[in-house]
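Before any comments, here is the structure.
The values are calculated or read from the model by the stated rules, or taken from the named source; none is laboratory data. Note that the structure is a prediction, hence the values are computed from the model and not measured. Virtual Cβ from ideal backbone geometry, glycine too; neighbours counted across all protein chains shown.
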């Protein structure tokens, strides 16, 4: 036994002694600092088991896509009646006088059979151009009623001229509101002196200009 004990290498014995001394020092330090007591309490403390229940979250509802908001038109402004004011008509008017074109000569009629001669008829006045026989003319005035009511139209009138003076005015067609203005204007015409009586026709275009 002694030979076997002495056969162990001195280095191994020294290492064993160092390990034993280190273990005793460590155990002593644990006892002094209370670490051993805490470790014993942890080992002897009853273990508690907690049951964790699985929670199933509900499926979220599908998202509802709302249509884009439409821009509404602004409400119309409130109606405010305008104060009553007297109406003043400032419309301008234009009267265009156009002479009637001379009538085309009628074709010669075939010779008629001899019949009993009728009593002689009075000679009819010749039809002439108004612009030639009466170079100086006075334009008619626009009646106020026609301006207020917005009446327009063409008036045709025929005059009888004798010795350069308008003797008679006959209105043939057109709105009656202009008759008096046409007669008053044509009676002021200055015509050339001609022998006998002549007839002339003239048109007047009464229109309201905006």
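Here are a few things to note about the model shown:
- Scan of the range 159-169 for residues that are surrounded by 13 or more Cβ atoms within 10 Å (Cβ to Cβ) and in contact with a strand residue (DSSP E or B) (Cβ under 6 Å, 6 or more places away or on another chain), ordered by number: 159, 160, 161, 162, 166, 168, 169
- The listed residue being without any contact (Cβ under 8 Å) to a residue 60 or more places away in the chain, closer than 16 Å to residue 96 by Cα, part of a strand (DSSP E or B) and within 53 Å of the chain's Cα centre (by Cα), out of 138, 154: 154
- If you go through the range 192-203 and keep only what is under 16 Å from residue 97 (Cα atoms) and either free of Cβ contacts under 8 Å to residues at least 12 places away in the same chain or in contact with a helix residue (DSSP H, G or I) (Cβ under 8 Å, 6 or more places away or on another chain) (or both), you end up with 200, 201, 202.
- Scope the range 157-179; condition touching a residue at least 24 places away in the same chain (Cβ under 8 Å), part of a strand (DSSP E or B) and either in contact with a helix residue (DSSP H, G or I) (Cβ under 7 Å, 6 or more places away or on another chain) or under 13 Å from residue 205 (Cβ atoms) (or both); matching residues: 157, 159, 161, 166
- Count of residues meeting criterion [modelled with pLDDT of 90 or more and not in a strand (DSSP E or B)] in the range 190-210: 0
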